[in-house]
1. Right, residue 232: in contact with a helix residue (DSSP H, G or I) (Cβ under 6 Å, 6 or more places away or on another chain), open to solvent by less than 50 Å² (accessible area, probe 1.4 Å) and without any contact (Cβ under 8 Å) to a residue 24 or more places away in the chain or not?
2. Would you check if there is a residue in region 182-193 being in contact with a Lys or Arg (Cβ under 9 Å, 6 or more places away or on another chain) and either β-branched (Val, Ile, Thr) or within 22 Å of residue 84 (Cα to Cα) (or both)?
3. Of all residues being free of Cβ contacts under 8 Å to residues at least 60 places away in the same chain and hydrophobic (A, V, I, L, M, F, W, C) in region 172-202, which is farthest from residue 287 (Cα to Cα)? Just the residue, please.
4. Have a look at 190, 227, 273 and point out the one that is open to solvent by 80 Å² or more (accessible area, probe 1.4 Å) and not in a helix (DSSP H, G or I).
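The values are calculated or read from the model by the stated rules, or taken from the named source; none is laboratory data. Note that the coordinates shown come from a computational prediction; the quantities given were computed from them, not determined experimentally. Reconstructed Cβ throughout: ideal geometry from the backbone, glycine too, with neighbour counts over all protein chains shown. Remember, those area values only see protein heavy atoms, side chains included, never the ligands or the DNA or RNA. Shrake-Rupley method; radii C 1.70, N 1.55, O 1.52, S 1.80 Å.
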Amino acid sequence: MIASLACGNGASAVPCMLAVTTVKGFCFAGYQSGFKRLFIAMSSLLKVDRDLKNRVETFREQISSEAEHLVASFFPKKLLELDQFLKEPILNVKDLKEIHSEIKFTVPEPILFTNSHDGVDVNTKKRKLEDGVADESWQGGTKTLTVPEGMLKCNTKLVDLIERVKPEIRTLIEKCNTVKMWVQLLIPRIEDGNNFGVSIQEETVAELRTVESEAASYLDQISRYYITRAKLVSKIVKYPHVEDYRRTITEIDEKEYISLKIIVSELRNQYVILHDMILKNIEKIKKPRNSNAEALY
């Protein structure tokens, strides 16, 4: 087919021979050369240093290689490790009394008050020294509470378990972040239509982001356990004769033990879900759109 093209300098039109492809009534003239010119024009819109561009491309390749290894190898291995962890005796205590921690704190003798005309024991007033200066070291008859061991210890059994679980939580967060970055880098340029594969990529990214958030909440839960227990222990020191505070600490320890077992189970399940989801949709994740040539035919 002969097509006449007008020159930009106002010269007469010069006939040019162009490659023309007609498919189902549509005419595509010079498709390949046109696409090349479009790419060059787009590249000229933003100038990027060649060295930086190569380094960024190397980074993308490293992320891609690491993420594919995580999905294909690391995730299944890790889920099997966590499944084995769930079968260990430390997470299968039948009697929760085994994880109780005794609070070694001596209950002081009760303070006796004597009747007086104003309702206050005279002995509670500050003792005066010979020179008339008040003795600040004397507590006015109220005994100062002391801990014989110097410090009230944590529940060592739960602390040991927490120290095993926390690295697993951190690992899941880090690996999910890597895989999420890989999928995001595979998302193509925004176009109108043919976005089914892109929607699968976005759904995968959303699932990875949800797993990250849930794993981070597990760390917050552990911190809250320590803070809550510390407040209760301080209550025991202040009110040593109240037994309910001691029982509450026992209940909190049991609750934390059950929560830690659930966390390990959830970590395993999340590895399973991510591995299964990505493998089932790996084709659309890596190639969300077909090429124009494949779509035409």
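1. Values: in contact with a helix residue (DSSP H, G or I) (Cβ under 6 Å, 6 or more places away or on another chain): yes; open to solvent by less than 50 Å² (accessible area, probe 1.4 Å): yes; without any contact (Cβ under 8 Å) to a residue 24 or more places away in the chain: yes.
So residue 232 passes the test.
2. no
3. Only one residue tops the list, namely 173.
4. Within the list 190, 227, 273, the selection yields 190.
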